[in-house]
Amino acid sequence: MKSIRRPSLRTISTLALVGSVALVGLSSVAGAGSRPAAKKKPAPFTVKVETPPAASLSETGSTLLYPLWNLWAPDYQSQFPKVTLSTAGTGSGTGIADAASGTVSIGSSDAYLSPTTLSSNPTLLNIPLAISYQVIMYNLPGLTAHLKLNGTILTRIYLGKITSWNDPQITALNPGVKIPSLPIVALHRADGSGDTFLFSQYLARQDGSEWGVGNYGTTVTWPAIKNQLAEQGNGGMVSGCAATPGCVAYVGVSYLTQGLGDGLGYGQLRNGNGQYVMPTAQAVALEASGYTKITPANGTISMINGRVKGGYPIINYEYAIVNTKQSSSSTAKAIRSVLEWAISPKFGNGHQYLSQVRFQPLPLKVVEQSYKQIQKIK
Amino acid sequence: MAQVLPTGLPSTRGRRARAVAFRVLMLGALAFVVGPALWLVVGVVGRALPGWRWNVLTTLSQGTSGGLANAVVGTLVLMAGVLILAGTTGVLTGIYLSEFAQGGRGVTVVRVAIDVLAGFPSIVLGYVGYVALCVGLGWGFSLLPALMILSFMVVPYIAKATEAALHQVPTSYREGAEALGMPGGHALRRVVVRTALPGIVTGLLIALSIAGGETAPLLYTAGVTNNLPTWSLLHHPIAYLTYYVWTDWNQPTAAAHVVSYDASLILVVMVLAMLVVARLIVSRTQRHAESAT
Amino acid sequence: MRQRASIDVIGARRDESSSRRLRRVWAQREESLWRVGGRVATLVPVGALVFLVAVLAVKAWPAVKVNGGSFLTSTAWLPGNTYGGVEHVHGVTIPAGARYGAWPLIAGTLQTSAIALVFAVPVSILTAFALTEGLPGWIARPVGFVVEVVAGIPSVIIGLWGVLVLGPFLARHVYPLVANRIPDVPVLKYLGGSVGYGEGLLTSGLVLGLMIVPIIASTTRDLFLQVPALPKEGARALGMTDAEVARRVTLPWVRSGVIGAAVLGLGRALGETIAVAMVSGSVLGVVSPNLYGTMTTIAATIVSQLDSAATDGTGFAVATLAEAGLLLAGISIVVNLAARAIVHRSGALGAPVGRA
């Protein structure tokens, strides 16, 4: 599985190229309304949602996807009352293991399957369902500005080399912002997590020299530094940060509202292009479109530290993990129907669901690829 | 006999100091235990009450919103199952250890096994259940593996409490029963076990409380479902309150937090109700017993 | 009972009805029924332990082969790059760079459990005294309820309280009182130094202590209640103070039961997972330099790492966690046998006074 290793220089430059192409593409899409549609283009791809037979399905896994599944499940079931779909938030690794062992129908995961998992479970698929991103939050009372942060500074914070918020390296990056002289408390996840996977990848790709280029995963060995705390779950990160002035924490975007309510702020991050970007819906969509063309058919790709102009650098696909070999064809059909419904822009991938958890819809090409993967479930 | 605070203090200075220190320490220790306990209970109640709605008890969960009927029923089913499985096994084990065991290596093995079992991390128990029962035997997430694993977990508490309680029954009671010509088994049931009942019930209560308060082993054996429990022992996941306590606390929405607070409150009230009912039953059976002071 | 010949006074009667005979036969058989039932029941805990250890051993075997003896002494906890390449060690496929050592986990487990016991045993015994002798019944009964309710509060709630309320409170207001007064000399300096932000060794030990107090205290209280009044009254009549009665009469009477309860509490402390995972700071690969530092235990590591270990497709991470579970069972057995030896020496397992 070469495609999911750290990108080589070539992939990075391809990426940059693709990014700019996508930008052009995007602007042309924006203008498309006024122009007559191109003649020879095939009709845009639409998702056909199968009508499922009676079935009882279960989903477990990512706690980040859990609220979205809880929005999806009742509406799907009211459209197709023959299916009961029970949801659970247990953690991505458990979702993968459960899907592999067949104890549940659908696992969900923030991270794609590792090459070793795929080689021991060759019938597992990771199907992109939606796009999520990560924000860097901090508790600096009185500060309203969005601090500029980058991989180097965050690395040094988590290595214990930068210990105060008014460290010259931070103030130099944020001229004109009055940063309080609080000691920095670095929060990390105590449990293994897809969020740690994303964040450590960002550090590794922004500044591998200090962090270590291969030092990423759902669990990393955090150096023991004086001012640090470990928290269970994203909820623990937010409440722990709220209780600790001076903290910095990496948090899944669904928790942004809760964090803001608790008085936390969030930063701009430097992307692979050197720009500092706010985590906005537009910046995420931009970044996603930059990755659309290079997303392989099996959906396995990291979208971290991309060189897309104006793109936010920590975004990811949220995945459904499903075994292609199901116990019966009727179960398989019901699973296909649920997933088709979920990726369909008309239903599950619609704004009415995704906006509630601040996720972004899949680009249409990725929807098509996910649809093709779904058809493999038999 | 009612206890009253003793009024007189001894005359020697050293003894008096020690007597006062004992009383201070006693109340201090009590404060150490009761303070945090009240803090916790008040916290649980205070968080849940403002958003409390009674229909939580009658509607099914939708994960991060909705009611908790499925989890309440599921928890009750699990507790009842544990009471039957672990209760029988634990009490019988305790009786055997106290009344029949002759010592020797076999009995030491049983005792060590009990203590070690109590020290097994619940998550490891759950994981073994998952690997061997749910996946290995193909039982899936269901009631039976959950009950087995929970029972393994709490049998030590019941057995130990039973043994300790039986051990404290005065020899004079046994001798009295014997002198009256009661056959051994009858005396055991009517005199010894009955006298030791408060201790045995304490063990059962602690065991049920622990079983009701566990999350990790259930997540790996019982699974989770938003539906009511079915009557089947295998292949159907079952819901329980602790899942919602933890998972929904860790969710970003206010609605989910309400679910979490409600689940905690219900759990604590259930434990409290269990304690009260059990103590009432015990005090009825003990009315004529004279073992207590 | 205990090999005593029972005197059968009814047995000699002749003209009894059949139902009466049935009752008599039942009465005579009942004892053996209890005996057989009890013996069968004792197979359950033993069988359960064998089952658990066997399944764990099978799961852990690859990790035992790869990690070797240095698992007990090494401090490394490197999951390796699960998304990178693999290596082959002793015929086992593992993620490149994966290295595991459990010494910090072992140290953390023993330290937190020791703190918990040091806190919980005296507090539990004194609480039991307060509940049985120190307070009038109308207040002792509700207070007793409160103590037992703690056993029923889910560990996650206690953990949340520990990490959001108790830990920060102790770190801000209590720990500095001690830590700032400790001179920088060997041994003592373990009590000083940085107190951190409330997650760490002492907080974990105290939270564990609180969790096992109900187990020890409620058993102890029941034992105290069963001490006959006569010897206590006699001691008082001789002019003994409450403290002296407690120390010389009540406590010796129930010693073996109290020790049994303490060992059970220790078991819970060794094996508690989520609450410790929340307040320990969950730092992998480090032994805390002082009493307050962040650390982790075997059980807490297993609960917080099991999910992400499942993403290691070689299965090595899960195998290592299974090995850590086995290790904990081993520690538990050793601690238990040691406790037994100590108790045996001091003679506390002998029959209590009332059962000569």
Point to revise | Cα-based reach from A:LYS293 at 14 Å (exclusive), listing aspartates and glutamates while leaving out same-chain residues under 8 positions away | key: A:GLU368
Point to revise | Cβ-based net charge around A:THR152, under 11 Å, with every Lys or Arg adding one and every Asp or Glu removing one | key: +1
Practice item. Quick one: plug the Kirkwood hydrodynamic radius of the range B:173-264 (C-alpha pairs) into Stokes-Einstein at 4 °C, 1.567 mPa s, and report D in µm²/s. Key: 77
Exercise for review: Please give the net charge around A:ASP195, taking every other residue with its beta carbon less than 13 angstrom from that of A:ASP195, where Lys and Arg add +1 and Asp and Glu add -1.
Suggested key: -4
Practice item. Once you've got the GNM for chain B with C-alpha springs shorter than 10 Å, pick whichever of B:VAL276, B:VAL91, B:VAL224 has the biggest mean-square fluctuation. Key: B:VAL276
Review point. In a GNM of chain A with a 10 Å cut-off on Cα contacts, which of A:ALA97, A:ALA297, A:ALA88 has the highest mean-square fluctuation?
Key: A:ALA297
Review point. Per residue of B:197-208, how many C-beta atoms from partner chains lie within 10 Å of its own C-beta, taken as a mean?
Key: 4
Study note, to complete from the structure: The answer for A:LEU229, listing residues at least 5 apart or on another chain whose modeled amide H is closer than 5 Å to its amide H, is A:ALA186, A:LEU187, A:HIS188
Exercise for review: Enumerate the helices in chain C for which the Kyte-Doolittle hydropathy averages 0.0 or more and the C-alpha atoms extend at least 18 Å along the helix's axis, using complete DSSP H runs.
Suggested key: C:18-67, C:103-129, C:137-152, C:201-226, C:251-271, C:316-346
Study note, to complete from the structure: Diffing the range A:116-122: the Karplus 3J(HN,Hα) column from phi (6.51, -1.76, 1.60, θ = phi - 60°), in whole Hz with x for Gly and Pro, holds 6, 4, 5, 6, 8, 10, x
Practice item. Give me a single rounded figure for A:244-256: the average over its residues of other chain Cβ atoms within 10 Å of their Cβ. Key: 1
Exercise for review: Beta carbons within 10 angstrom, averaged per residue: use that to sort the peptides A:120-130, A:237-247, highest first.
Suggested key: A:237-247, A:120-130
Practice item. For the protein assembly as shown, go through all pairs of different Cα atoms, get the mean of 1/r, take its inverse, and jot down that Kirkwood value in Å. Key: 30.4
Revision key, fill the gap. Counting only residues 5 or more apart in sequence or on a different chain, those whose built amide H sits under 5 Å from that of C:GLU87 are C:ILE94, C:ALA96
Revision key, fill the gap. Per 5 angstrom bin, beginning at 0 and ending with the bin that holds the maximum distance, the Cα pairs of the range A:305-357 fall in percents of 4, 15, 17, 17, 15, 15, 9, 4, 3, 1
Study note, to complete from the structure: A convex hull over the alpha carbons of the range A:134-289 yields, per residue, a volume in Å³ of 109
Check your understanding: Once the mean 1/r over all distinct Cα pairs of the range C:235-356 is inverted, what Kirkwood radius in angstroms do you read off?
Key -> 17.8
Study note, to complete from the structure: Computed ³J(HN,Hα) along the range A:283-292: with the Karplus parameters 6.51/-1.76/1.60, θ = phi - 60°, integer Hz and x for glycine or proline, the list is 4, 6, 4, 4, 4, 4, 5, x, 9, 4
Point to revise | Cross-link pairs beyond the 22 Å C-alpha cut-off, checked among A:LYS48/A:LYS333; A:LYS325/C:LYS65; A:LYS309/A:LYS372 | key: A:LYS325/C:LYS65; A:LYS309/A:LYS372
**Study point:** Coarse-grained scattering of the range A:55-176 at q = 0.23 Å⁻¹, given as base-10 log I(q)/I(0) from a Debye sum over alpha-carbon atoms
**Key:** -1.25
Check your understanding: Could you give the distance between the Cα centres of the range A:143-174 and the range A:41-120, to the whole Å?
Key -> 39
Practice item. Two decimals is fine: what's Rg over Rh for the range C:160-262, C-alpha atoms, Kirkwood radius as Rh? Key: 1.18
Point to revise | Shielding score for A:80-93, defined as the mean number of other chain Cβ atoms within 10 Å | key: 5
Point to revise | Cross-link reach list, aspartates and glutamates versus A:LYS365, counting only Cα pairs under 15 Å and skipping chain neighbours closer than eight places | key: A:GLU287, A:GLU340
Practice item. Express the relative contact order of the range C:99-347 as a whole percentage, based on alpha carbon pairs under 8 Å and six or more residues apart in sequence. Key: 30
Check your understanding: Hey, what D do you get for chain C in µm²/s if you plug the Kirkwood alpha-carbon radius into Stokes-Einstein at 25 °C and 0.890 mPa s?
Key -> 102
Check your understanding: Cα extents of chain A along the three principal axes, largest first, in whole Å?
Key -> 62, 49, 38
Point to revise | Local net charge near B:ALA222, Cβ-Cβ under 14 Å (Lys/Arg +1, Asp/Glu -1) | key: -2
Study note, to complete from the structure: A convex hull over the alpha carbons of chain B yields, per residue, a volume in Å³ of 200
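Values in this text are rule-based calculations from the coordinates and carry no lab data. For clarity, every value in this text was computed on a predicted model and none was experimentally measured. Because the Cβ atoms are built from the backbone with ideal geometry, glycine has one as well, and the counts that use them run over all protein chains shown.
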